[in-house]
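The values are calculated or read from the model by the stated rules, or taken from the named source; none is laboratory data. Since the structure is predicted, the reported quantities are computational estimates derived from the model, not experimental observations. Note: ideal-geometry Cβ built from the backbone for every residue, glycine included; neighbour counts use all protein chains shown. All accessible areas refer to the heavy atoms of the entire protein, side chains included, with ligands and DNA or RNA removed. Shrake-Rupley method; radii C 1.70, N 1.55, O 1.52, S 1.80 Å.
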Amino acid sequence: MKYLLVNSSKINKIGYNRNSLKMEVHFKNGHIYLHSEVPPSYYVECVVANSIGKYYFNNIKEVFPYQIIA
């Protein structure tokens, strides 16, 4: 998984694996969410969004399966 540090008030970094379609979201509060079945276009749209947090919460968090891993 490759990680990208992002400029967000709530999210520290986002990891994505194109082969497994897994997306890992590291929050500044220490929580880590691992999403599955995330298409590449959603990852790209998220990391280039004007508000990364807003995009994540509106388009990814409750749409794709996830588990809280930390």
(message) Out of the residues in the stretch 1-20 meeting the condition of being in a loop (DSSP other than H, G, I, E, B) and out of contact with any helix residue (DSSP H, G or I) (no Cβ under 8 Å at 6 or more places or on another chain), tell me which one is most open to solvent (accessible area, probe 1.4 Å).
(response) Asn19
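If you scan the stretch 21-39, which residues turn out to be among the aliphatic types (A, V, I, L, M) and either more than 21 Å from Gln67 (Cβ to Cβ) or part of a strand (DSSP E or B) (or both)?
Within the stretch 21-39, Met23, Val25, Ile32, Leu34 qualify.
Run down Glu24, Glu37 and say which single residue is touching a Leu at 6+ places or on another chain (Cβ under 7 Å) and open to solvent by 90 Å² or more (accessible area, probe 1.4 Å). Let's see the steps before the verdict.
Numbers: Glu24 fails: open to solvent by 90 Å² or more (accessible area, probe 1.4 Å).
From the options Glu24, Glu37, the qualifying one is Glu37.
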(request) Output the residues belonging to the stretch 40-70 that are exposed (fewer than 14 other Cβ atoms within 10 Å of the Cβ) and part of a strand (DSSP E or B). (result) Gln67, Ile68
(request) Please specify each residue of the stretch 9-25 satisfying the condition of being touching a Phe, Trp or Tyr at 6+ places or on another chain (Cβ under 8 Å) and closer than 19 Å to Val63 by Cβ. (result) Lys10, Ile11, Ile14, Gly15, Tyr16, Lys22, Met23, Glu24, Val25
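Quick check on my filter: what residues within the stretch 27-70 are charged (D, E, K, R) and within 10 Å of the chain's Cα centre (by Cα)?
Our first condition is that a residue be charged (D, E, K, R); within the stretch 27-70, this holds for 28, 37, 45, 54, 61-62.
Listed by number, the list holds a single entry, Lys61.
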